[in-house]
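**Student:** Have a look at the structure that comes next, please.
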Amino acid sequence: MSEKYSTGLRNQLLNGRGLREVFADSVLKIYAGTPPAEADDAEGILLVKLTKSGGVVSTKEHGVLAINTITVPGVHAAGTYNITVTVDGTTYTASYDATTYGHANNDEIAQGVCWELNKISQVRASCATVGGATGVIVVSCRIPGITLTIADGGGTITFGAAAVIQAGSRAATDTLQLGLPAAGAVAKNADTWSGTITADGTAGYFRLVTSEDLGTDNATDVRVQGAVSTAGAEMNLSSLAMVSGATLTLSTFSVTFPAA
C-alpha cells in the first residue's frame, strides 16, 4: 500500500517545489468511509481536522520566511569564496572558486556563489542590487518558519557579516509542518498535531492538504491521501472509533516517496 498524490501536487513537484515546501503550512484531515479512488476526488465525511496544538487555521495562514543578505567583498584576489549556511540544525558550506572560472567582479562572483548555495535544498539564493550596491546575495529559506543563519565560511576571501532582513517565525501560525526527510520518507515535526473530533464515525482515510483546499473534485489542490487502520495502513491509529467532542492527538505521521 502507498499514499496517493493529487494531480495538483504532482504538478507542483515536477515544476520545482519540494514536498516539505508545498506542505509547509498544512492541515491533516481524517474522514469516515472508504478512501476515494483518486486524491483528486471530492472529500467525504470529515471527522476531525488536525492542526498545530489544535489551533484554528485561517485560510492562507502561513509562517514567515527567514531572509538574510551577504555581500561579496570588493577585493577580487585569487582564491575561493565560502559561505556557511545553517538551516534545519545542519551547517552546509557553499564554496565557489572565482579564479578557476575567471570571474573578477562583484556581480559575477555573486552569481557563482548563488549557484552553489542553490544546491542546498532548504534554501534559495539570488543576486540583488540594493541601494546601488553590487554583489549582494539574498539567501532565504524555502520553507516558512525554519531558522536560517549565514556567515563567512573561511575561504581565501572573507565576507562581511550577514544582515538579517527577516527572521523566520511560526509564532502566529497554527498550521502543520513536516520535518527533515530520511530514507525516502518525511515525518511530522516535533509540534503537537491534534484536533477536536466533530462527528461520530469510523476513521477510513486521511488527507494532508493546505488551508486553501476546496474539498471538491479538481486537479489543482495539493493533497496526499492514505488509508487509516489499526495496522498495515498509511496511518495507523490505536482505535478507529471517533467520538464527537473528544480530542485526537497524532504521535506519528509520515509520507513515503515510492522508489518506483
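Any read-out appearing in this document is the output of simple, stated calculations on the displayed coordinates, not a laboratory observation. Please read all numbers here as calculations on a predicted model, not as lab measurements. Here the Cβ positions follow ideal geometry from the backbone for every residue, glycine too, while neighbour counts run over all protein chains shown.
**Student:** Got a sec? Which residues in the range 5-46 would a label at Thr192 touch, if it sits 7 Å along Cα→Cβ and we count backbone N under 20 Å?
**Tutor:** Only 26-30 pass the distance filter.
**Student:** For an R0 of 51 angstrom, estimate the FRET efficiency from the Cβ-Cβ distance between Asp107 and Asp200 and round to the nearest 0.05.
**Tutor:** Here the calculated transfer efficiency is 0.20.
**Student:** Okay, next question. Between [x] 21.4; [y] 19.3; [z] 20.2, which entry matches Kirkwood radius over Cα pairs in Å as derived from the coordinates of this structure?
**Tutor:** Correct label, based on the coordinates given: [z].
**Student:** Ok, one more. Given R₀ = 30 Å, what would the calculated FRET efficiency be for Ala219 paired with Val164, taking r from the Cβ atoms and rounding to 0.05?
**Tutor:** That gives a FRET efficiency of 0.15.
**Student:** Let me ask something else about it. Using helices alone, what [θ] at 222 nm do you get for the chain, with -39,500 (n - 2.57) per DSSP H run of 4 or more residues, divided over all residues and rounded to the nearest 500?
**Tutor:** It lands at -2500 deg cm²/dmol.
**Student:** Further question: Ranked from highest to lowest mean number of other Cβ atoms within 10 Å per residue, what is the order of the peptides 219-229, 21-31?
**Tutor:** Ranked by mean Cβ neighbours within 10 Å, highest first: 21-31, 219-229.
**Student:** OK, next. Identify, among Gly226, Ala190, Leu240, the residue whose Cα sits farthest towards the positive end of the charge dipole of the range 170-256, taking +1 on the Cβ of Lys and Arg and -1 on the Cβ of Asp and Glu, with the dipole about the Cα centre.
**Tutor:** Ranked along the dipole, the leading option is Ala190.
**Student:** Now for a separate question. Over all directions, how big on average is the projection of the convex hull of the alpha-carbon atoms in the range 154-260, in square nanometres?
**Tutor:** 12.0 nm²
**Student:** Stretch Val64-Thr90 to full length: gain in nm at 0.36 nm per residue minus the Cα-Cα span?
**Tutor:** Contour length minus the Cα-Cα distance gives 7.4 nm.
**Student:** Show me 242-254, 148-160, 51-63 ranked by packing, highest mean number of other Cβ atoms within 10 Å first.
**Tutor:** Final packing ranking: 148-160, 51-63, 242-254.
**Student:** Using the crude model of +1 on Lys and Arg Cβ and -1 on Asp and Glu Cβ, and no other charge, please compute the dipole size for the chain relative to its Cα centre, in debye to 20.
**Tutor:** Using only the charged Cβ atoms, the result is roughly 260 debye.
**Student:** So for the pair Ser244, Ala182, with labels modelled 7 Å out along Cα→Cβ, what separation do we get in nm?
**Tutor:** 4.1 nm
**Student:** Estimate the FRET efficiency between Lys119 and Thr252 by the formula 1/(1 + (r/R0)^6), using the beta-carbon distance for r and 35 Å for R0, to the nearest 0.05.
**Tutor:** 0.65
**Student:** Just to be sure I follow the rule: in the chain, considering lysines 8 or more places apart or on different chains, how many pairs have Cα atoms under 18 Å apart?
**Tutor:** 10
**Student:** Also, I was wondering about something else. What percent do you get for the relative contact order of the chain when only Cα pairs under 8 Å and 6+ apart count?
**Tutor:** Contact order relative to length: 31 percent.
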